[in-house]
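Written below as structure tokens is the structure these notes are about.
The values are calculated or read from the model by the stated rules, or taken from the named source; none is laboratory data. Predicted model only: the values in this text are computed from it and were never measured. As a convention, Cβ positions derive from the backbone with ideal geometry for all residues, glycine included, and neighbour counts pool all protein chains shown.
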Amino acid sequence: MIGRDIKIKMVRTPVPPGHQKDRCPTRVRNLFTINSALFRGDTSVVLYNWDHIPENEIHNIPLADQKIREQHASNFPVLTNTSKGPDPSGVYKADSLRDIESPSWEGLEFKFVKVLAEGGHGYVSLWDVTFDDGSTRRVVIKKGKKDSASFDHAKEASFHLRYDGAEHTTQVIKLDHESAAIRKAMKKENPTAANNFKEDRCWDAAKLKCVVFEYAPYGDVSGLMRNMATTKQKFPNSVLWGILECYALGLATVAYTPVLHRSITFEHLFREAEQNNQADTFLENFESNHNPTHDIHLDMEYRNILVGQEQSHKDRPAFKLHDLGAFSEIMSEYWDE
């Protein structure tokens with residue numbers, strides 16, 4: 001199949017006379033959509049009010065006479081980071097073992113894996129957590145340094161929780177809630193299971209001045225780019241496009257999710273609108289319908305964007321905004337002053 005023969009699904013939309021100045025004309029929208037689809041290697045496309053590509057527009061489609069190169073990306077391997085570890089003296093490992101692994105916690109058993117990174121005011125370590133039912137979860141714990149009072153764990157956790165459930169921001173993991181849910185399920189299945197529960201200290205990340213995050217197996221963008229260059233791997237165009245979408249959805253979910261009902265994210269609503277061919281209308285009306293807070297993240301350097309996994313990203317990694325809080329602002333609070 002060549003580009004001009006791409007399969008078209010037509011969606012009829014009303015076209016206002018003359019078009020509003022801030023709206024993209026249907027012709028321009030359709031051409032961008034076709035060219036983007038061919039760049040990605042898609043074999044079908046959704047167009048507004050076109051059931052075919054007009055012959056006089058073919059010259060605006062550079063790939064019209066080229067074979068569509070369908071691109072299937074396989075899952076990315078977990079690439080090894082060969083750089084020197086951030087804890088050569090072992091001081092952060094010792095701190096982690098003393099404060100987290102050594103104590104006995106109710107429904108949780110922590111196993112230290114390694115220190116991942118060090119910052120000016122804190123460090124990040126990798127852990128395997130085992131629950132009462134034998135299941136395990138790998139998590140990342142960010143903890144303030146003993147000699148620094150500048151790491152505001154509460155602010156960082158609160159900002160990440162503003163986007164609870166989002167796919168494109170790293171999620172805070174509430175281990176105490178997960179442990180309680182597992183115990184409840186175990187008792188429902190077997191009422192005598194409680195006899196084996198140990199009543200130890202209740203896990204409270206805030207008291208330890210730390211934050212527990214989901215684990216992003218591919219590290220940060222800096223490490224991923226370095227490893228891709230070293231191993232001479234290449235991203236297919238479809239994956240590059242997906243990365244662009246991740247960045248856009250990350251910024252959008254930070255700006256818009258806080259005003260939505262709990263457990264609903266901007267990404268979820270946008271995906272629904274997309275499936276119903278209502279994405280443009282959804283985006284045009286969102287501001288007037290929801291009065292968003294316009295949260296922003298002012299530290300989007302490549303070490304603060306992590307690369308993880310999501311079920312909705314079957315053929316590519318999910319890029320997630322991280323380290324929110326210290327350089328985050330709620331812009332609507334300034335505009336209301």
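If you take the residues in the stretch 94-125 that are part of a strand (DSSP E or B), under 16 Å from K174 (Cα atoms) and touching a residue at least 24 places away in the same chain (Cβ under 8 Å), which one is nearest to the chain's Cα centre (by Cα)?
The extreme case among them is L108.
Could you grab the pairs with beta carbons closer than 6 Å, sequence gap of 6+ or different chains, first residue in the stretch 32-55 and within 16 Å of N277 (Cβ to Cβ), second one in a helix (DSSP H, G or I) and among the β-branched types (V, I, T)?
Matching pairs, first to second residue: V45/T33; V45/I34; Y48/T26; N49/T26.
Only one of these is surrounded by fewer than 19 Cβ atoms within 10 Å (Cβ to Cβ), part of a helix (DSSP H, G or I) and within 19 Å of the chain's Cα centre (by Cα): A248, A193. Name it.
Step by step, each of A248, A193 is checked, and only A248 is surrounded by fewer than 19 Cβ atoms within 10 Å (Cβ to Cβ), part of a helix (DSSP H, G or I) and within 19 Å of the chain's Cα centre (by Cα).
Out of the helices (runs of 4 or more DSSP H) lying entirely within the stretch 256-337, which hold 1 or more residues that are under 13 Å from A166 (Cα atoms)?
By residue number, 266-275.
Within the stretch 205-221, count every residue that is part of a loop (DSSP other than H, G, I, E, B) and in contact with a helix residue (DSSP H, G or I) (Cβ under 7 Å, 6 or more places away or on another chain).
4
I296 - would you say it is buried (at least 17 other Cβ atoms within 10 Å of the Cβ) and not assigned by TED's automatic domain parsing to the domain that holds Q171?
no
Might you let me know whether the stretch 178-189 holds any residue that is part of a helix (DSSP H, G or I) and within 25 Å of G122 (Cβ to Cβ)?
yes
Yes/no per residue for (1) outside the structural domain of H168 (by TED's automatic domain parsing); (2) surrounded by fewer than 18 Cβ atoms within 10 Å (Cβ to Cβ); (3) among the small types (G, A, S):
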| residue | (1), (2), (3) |
| --- | --- |
| H261 | yes, yes, no |
| I264 | yes, yes, no |
| A273 | yes, yes, yes |
| Q278 | yes, yes, no |
| V307 | yes, no, no |
| R316 | yes, no, no |
| L321 | yes, no, no |
| L324 | yes, no, no |
| I330 | yes, yes, no |
